[in-house]
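Participant: This is the structure, below, for whatever I ask next.
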Amino acid sequence: MSELINIPSEILYLILSFLDAPDLTRASATCHHLRKMAIKSWLWKQLCVSQWRDQFSSPIIVNTIRDSYATLDVDFWRRYYIQKYLLDLRQGTLTWTPVSLNQAAAGGSRLSPRFAHSGTVFGDRIIYIGGQLTSKHRHNDIFQYDTLKGKISLSRVRGNPPNISKHTAAIIGGIIYVFGGYDGLSARYELFSYDPVDNQWSTPKTFGECPTSRSNHCCAVLGGKMYIFGGLYRGQEEELIDSNDLYYLDTDTMTWHRPTVRGDIPEPRCGQKMVTVDNEIYMFGGGNGDSWSKKFNDVHVFHTHTNTWEKLITRGQPPDSTTFASVWSFGRFLFVFGGGRLSDTTAVSNDLFALDTVTRHWNRQKVEGDPPTPRDDSTTNIVGDTVYLMHGYKSGPIDEFWSIRMSGNFYRSVCGRDPPKKTLREHTNSPMLTFSPVLRNIGIKLFSPLLSRKDVQPINTTHPDLHQTHLLLHLFFTCLLCLFLGFSDPSQSPDDNLFHIQSDSCLQLAREITVLTTIGYGDRTSITSNIAPANPKGVQRRWRIPIRIPSIRKPPQLVRWDLLGVFLSFLWGAVNSRTLPPFFRVWVYRAWAYLFKVNLDEVPIPLEEFNTLRDFFSRPIKQGCSPVDAKVVSCGEVTQDLVTEVKGISYSISGFLGKDWETIKAGINSKLYHCVLYLAPGDYHRIHSPEQWLITGRRHFPGTLFPIAPSVGRLIPNLLALNERVALLGSRPDQGFYSLTAVGAYNVGSMSFKFDPAIRTNAVVRDWRNPNLRYFSMRGVGTYAYRMDYSHPIKADKGEEIGLFNLGSTVVLIFESRDFEFAVKTGDKVRMGQLLGKDL
Amino acid sequence: MASESISVTTSDDQTIQLSRKHAQMSQTINSMLEDSVGADQEAIPLPNVSSEVLKKVIDWCTHHENDPAPVEKVKKLNKKREYKAKNSTISDEWDKNFVNAELRVIVDILLAANYLDVKGLFELMCKHIANELKGKTPDQIRERFGIQDDLTEEDKAAMRKAWGATKNDS
């Protein structure tokens, strides 16, 4: 047995209390005993308090944090710590994601622009009821959004739902209860019920004192009871009255109750929202008076067991939104998005705020991604790890459907389990089947004579015969593709990857065919007009090929461009993994080389030796190719620290690579070479990996940004070692040290690297809070670096894109090799992928 | 007038002499002395502490005999524990060498310090063990402390995920 376990628990707790969160978590993963100790609530509570000392500092706050939290849930403080940590200090916990309604094309309908509707979660679906387009035009339709399929469909409702908006809806026991609302003309409503399984709309019979019909009220569900608070109703003389009364409907007995409430009863208001957090009802916002003379951004809590209202004393930055905000709760946090601004009564907000219900501290919540259009009167619903934000109002109804993705860790810390897996892949995330520019050009060249023929008219798809033709075409292609699938037998290939590739393309194929078939059948014009506005910017439609022929907007449907795309890309997959007959190989590879300008001189072995096209792609070239399109400023062997070139740039290697040079130098046991490549502003600006190598670390040297053109280089000695740069350090198999450094220049500070989003170059404000600032300014400029060593070295394959400059600049390669012969000389222009030289 | 040296009997039946000043750094011995005024000649039995460990404790006491009494400080710490981040760095160079010992010895000293109620030493040992736990993967901790792995794969998977959530970004 271990000595550590023999230590009495109380001492072990003391020891554990010295650890921070990651260490505590790791310690808890060693054995049962430690695990039991390390998840102890007070350890984590102490961590919370020390991490967010400002929020916990007030004794009032600490006293009000009842330990009942921990008695109900032993794991409470640990989970709370993780939630708070993720929201406060981690990036990427919440991400704005537009929900593409393009999927509606796959057999769904579209939700027209609307606001003041209601959304209720039923299983994986969200049921949207009513809403309004204008004050007189209100909807009576019920839609359901299937979050798994990403499809909106119109429910066929039995019964007669009225035109209704500004109502509330809540689901209790599988039945949606709709209360209040107004049709914009005369009718006001009380209670309806809707059964989402039978699609039955009905008016239930209730007992007790039913609240006056109202609108802009709010509701929340707790323990089988639907609570209704506030809202606007018409008095006896048709005057509008803001209310602050609270009712609840007990759905077991279908009886209305009006409890006698005590405490800080909120002012009469409407446009507020209520949500349930931990058996208490939180109410946020609202306003009252003529033209919203009074607006609130306060939070009230209703304790249902004592029927008491409590006005929360919150701290931090309260949200700048009041009426008709979107409010939801997740874990211990209350989120408020959008709503009418408090500061500017005419504007609506698109900020997200989070209230920590434990410390009662408001925070402006960071969310990744671009925020959506400001709005109010929207609906928010949480299904799985996603918050769906449907439509809303911004000086008119809008029809943008957004969602906030919560990270898996955050979801897990709240729900204690993994987020549900989605079968749906969003358009933005799924790999696109796109054409390379080369292929597209070939396509245009091949088919443009056909397209420009006057007798081929765009097809009117409403013609029944053409439907038949389409069907036949589809069937034909489907069969063809299936044949291909049948032909390529994965078991014959020793390559394991092959199977995955094919099953993947099968899936894609199936999806493609479904989409296409549906489109082929629908009324094309109506579908396109339906889809177009719902297509948020940045989401590409996959099956359309842009063809720049002004006279014909759409390609004639006889040539199924879309299917051609599927077909070609499929052919691609099928061909490139098949063993080609030897006599055929040379020609295929030559053609390939011609198309993509592969320099066949670089290929060290005869073309016939490659079994498949795929082997040819990843041909083992032993030589280095250029990472960018550039001009060679200087290249050769490095014999001394200071590298000088007559015409080009001089710099000292030790200054250039900084402090690490000492250690690197000690490890070098063969010759060292360097190559400086200057990118003119017109050159291709992506950086590709010149070799197959392992990137083990990066050094980001903040520095000056002088122009790097050779003319300036002559004026400022050691210029390269002064400018801001990012050095990637690593090694090549059996050749040793390898480094690629991207140097920023005047106008060109910004570089980005695919695998390391943490690099932020050319920041105007250069971390003034950085304690080491003095190293990064004045005399130390360009000498000190932010260090980062990757725990898992990043494998960069030859030709793989690793980063990009946003304008011209310089790439410096410094590497070790036993013997390297440069194929280029100073002053040469090189293209990306062109041979730079080879190891002898 | 009490004599300048006090004898104690350890668990392995050895009688060890230690100065009154050192003995008073241990709250346990101190209270025993106060309880038995006049019975100075008798050796105080310490059945939980071996002579080897006691010598180590005396070493520490000798080095720290001139430190200000930690009692006040510790009391304050306890009161404010909730609001203060705990710092486990060991500042004293001598202490760093002192804790550089076998784990078994460390734990024994820790237990002895707890029994004898030597505040400074106890805290030092706690800090040291906490430092040993820091920055290590579960496997490394198991190896270092010889802990047997009795968690199922599911437990570990859950832990790994939790760890992912609290992992610090560099």
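The values are calculated or read from the model by the stated rules, or taken from the named source; none is laboratory data. Because the structure is predicted, anything quoted here is derived from the model rather than measured. Cβ sites come from the backbone with ideal geometry, for glycine too, and all protein chains shown count toward neighbours. Please note that ligands, DNA and RNA were not included when accessible areas were found on the heavy atoms of the full protein model with its side chains. Shrake-Rupley method; radii C 1.70, N 1.55, O 1.52, S 1.80 Å.
Participant: Amide H of A:CYS635: which non-local residues (sequence gap of 5 or more, or other chain) have their own amide H closer than 5 Å, using H built in the peptide plane?
Facilitator: When sequence neighbours closer than 5 places are left aside, the close amide H contacts are A:VAL676, A:THR826.
Participant: Another question about this same structure. Given R₀ = 45 Å, FRET efficiency for A:GLU209-A:ARG156 by Cβ-Cβ distance, to 0.05? Working shown, then result.
Facilitator: Details: r = 35 Å, r/R0 = 0.78.
Once rounded, the FRET efficiency stands at 0.80.
Participant: Roughly what would the spin-label model give for B:ASP149 and B:TYR115, points 7 Å off Cα along C-beta, in nm?
Facilitator: Inter-label distance under the simple model: 3.5 nm.
Participant: Separate question: Students often get this wrong, so check it: of A:LYS225/A:LYS311; A:LYS394/A:LYS754; A:LYS166/A:LYS294, which have C-alpha atoms separated by over 31 Å?
Facilitator: Values: A:LYS225/A:LYS311 22 Å; A:LYS394/A:LYS754 37 Å; A:LYS166/A:LYS294 20 Å.
As for pairs spanning more than 31 Å Cα to Cα, those are A:LYS394/A:LYS754.
Participant: If you don't mind, another one. Whole percent per 10 Å bin, from 0 to the bin with the longest distance: what is P(r) over all C-alpha pairs of segment A:297-338?
Facilitator: The calculated distribution, bin by bin, is 23, 54, 23, 1.
Participant: With 22 Å as the limit, write out which pairs from A:LYS665/B:LYS134; B:LYS134/B:LYS156; A:LYS36/B:LYS136; A:LYS45/A:LYS84 have Cα-Cα distances beyond it, or answer none. Provide the component values of the computation, followed by the final result.
Facilitator: On the way: A:LYS665/B:LYS134 33 Å; B:LYS134/B:LYS156 19 Å; A:LYS36/B:LYS136 19 Å; A:LYS45/A:LYS84 12 Å.
As for pairs spanning more than 22 Å Cα to Cα, those are A:LYS665/B:LYS134.
Participant: Going by amide H atoms built from the backbone, whose H comes under 5 Å of the H on A:ALA823, apart from near neighbours?
Facilitator: A:GLY837, A:LYS838
Participant: Using each residue's phi in segment B:108-123, evaluate 6.51 cos²θ - 1.76 cosθ + 1.60 at θ = phi - 60° and report the 3J(HN,Hα) Karplus result to the nearest Hz, with x for Gly and Pro.
Facilitator: 4, 4, 4, 5, 5, 4, 5, 5, 7, 6, 9, 4, x, 5, 4, 4
Participant: Show me, for segment B:130-136, the HN-Hα J-couplings you get by feeding each phi into the Karplus relation (A = 6.51, B = -1.76, C = 1.60, θ = phi - 60°), rounded to Hz, glycine and proline as x.
Facilitator: Once rounded to whole Hz, the list reads 4, 5, 5, 6, 6, x, 10.
Participant: Largest first, how would A:THR306, A:THR147 line up by accessible area (1.4 Å probe)?
Facilitator: Values: A:THR306 60, A:THR147 5 Å².
Ranked from most to least accessible, the order is A:THR306, A:THR147.
Participant: Evaluate E = 1/(1 + (r/R0)^6) for A:THR308 and B:SER31, where r is the Cβ-Cβ distance and R0 equals 51 Å; express this FRET efficiency to the nearest 0.05. It would help to have the intermediate numbers written out before the result.
Facilitator: Details: r = 51 Å, r/R0 = 1.00.
Efficiency, from the Cβ-Cβ distance: 0.50.
Participant: Now for a different question. What is the gain in length, in nm to one decimal, between B:GLN17 and B:GLU65 on full extension, counting 0.36 nm per residue of separation less the C-alpha to C-alpha distance?
Facilitator: Length gained between B:GLN17 and B:GLU65: 15.7 nm.
Participant: Can you work out the base-10 log of I(q)/I(0) for segment A:278-321 at q = 0.19, 0.25 1/Å, using the Debye formula on its C-alpha atoms alone?
Facilitator: Taken in order of the listed q values, log10 I(q)/I(0) reads -0.68, -0.92.
Participant: First check a/c for segment A:177-228, with a ≥ b ≥ c the square roots of the eigenvalues of its C-alpha gyration tensor; if it is under 1.5, answer rounded, and if not, answer prolate when a/b is larger than b/c or oblate otherwise. Write out the running numbers ahead of the final one.
Facilitator: Numbers: a/c = 1.57, a/b = 1.12, b/c = 1.40.
Because a/c hits 1.5 or more and a/b fails to exceed b/c, segment A:177-228 counts as oblate.
Participant: Same structure, new question: By how many nm would the segment from A:THR345 to A:SER186 grow when fully extended, if each residue of separation counts as 0.36 nm and the alpha-carbon distance is taken off?
Facilitator: Numbers: separation 159, 0.36 × 159 = 57.24 nm, distance 2.84 nm.
Difference between extended and current length: 54.4 nm.
Participant: Taking the Cα-to-Cβ direction at A:LEU694 and at B:TRP94 and moving 7 Å from each Cα, how far apart do the two end points lie in nm?
Facilitator: Here the modelled spin labels are 4.7 nm apart.
Participant: Then there's this: What average count of beta carbons from other chains do you get within 10 Å of the Cβ of residues in B:127-135?
Facilitator: Numbers: counts 3, 2, 9, 9, 4, 2, 12, 8, 5.
Mean shielding count: 6.
Participant: Which whole-Hz couplings ³J(HN,Hα) result when phi for each residue of segment A:166-175 is put into the Karplus expression 6.51 cos²θ - 1.76 cosθ + 1.60, θ = phi - 60°, listed in order with x for Gly and Pro?
Facilitator: 6, 9, 10, 9, 8, 9, 9, x, x, 10
Participant: Using 7 Å Cα-to-Cβ label points, what is the A:SER654/A:ARG787 separation (nm, one decimal)?
Facilitator: With each label placed 7 Å out from Cα toward Cβ, I get 1.8 nm.
Participant: Can you give the local net charge around A:TYR182? Use residues other than it whose beta-carbon is closer than 12 angstrom to its beta-carbon, Lys and Arg +1, Asp and Glu -1. Spell out each step's value before the answer.
Facilitator: On the way: positive: A:LYS136, A:ARG138, A:LYS166, A:ARG188, A:ARG214, A:ARG234; negative: A:ASP183, A:GLU190.
Charge balance in the 12 Å sphere: +4.
Participant: How much length, in nm to one decimal, is gained on full extension between A:THR260 and A:LYS829, taken as 0.36 nm per residue of separation minus their Cα-Cα distance? Walk me through the numbers on the way to the answer.
Facilitator: Working: separation 569, 0.36 × 569 = 204.84 nm, distance 8.48 nm.
Extra length from A:THR260 to A:LYS829 when fully extended: 196.4 nm.
Participant: Using the Cβ atoms and a cut-off under 14 Å, what net charge is assigned to the surroundings of A:LYS225, where Lys and Arg are +1 and Asp and Glu are -1?
Facilitator: Taking every Cβ under 14 Å from that of A:LYS225, the sum is -2.
Participant: For A:SER689, enumerate residues with amide H under 5 Å from its amide H, sequence gap 5+ or separate chain, H modeled in the peptide plane.
Facilitator: A:GLY799, A:GLU800, A:GLU801, A:ILE802
Participant: Please report the net charge: other residues with Cβ closer than 11 Å to the Cβ of A:HIS300, K and R +1, D and E -1.
Facilitator: On the way: positive: A:ARG269, A:LYS311; negative: A:ASP264, A:GLU267, A:GLU280, A:ASP298, A:GLU310.
Neighbour charge sum, excluding A:HIS300 itself: -3.
Participant: Here's something else I'd like to know. Loop-only GluC sites (Glu not before Pro) in segment A:204-304, please: DSSP not H, G, I, E or B, and at most 10 other Cβ atoms within 10 Å.
Facilitator: Sparse-neighbourhood loop GluC sites (Glu not before Pro): A:GLU237, A:GLU238, A:GLU239.
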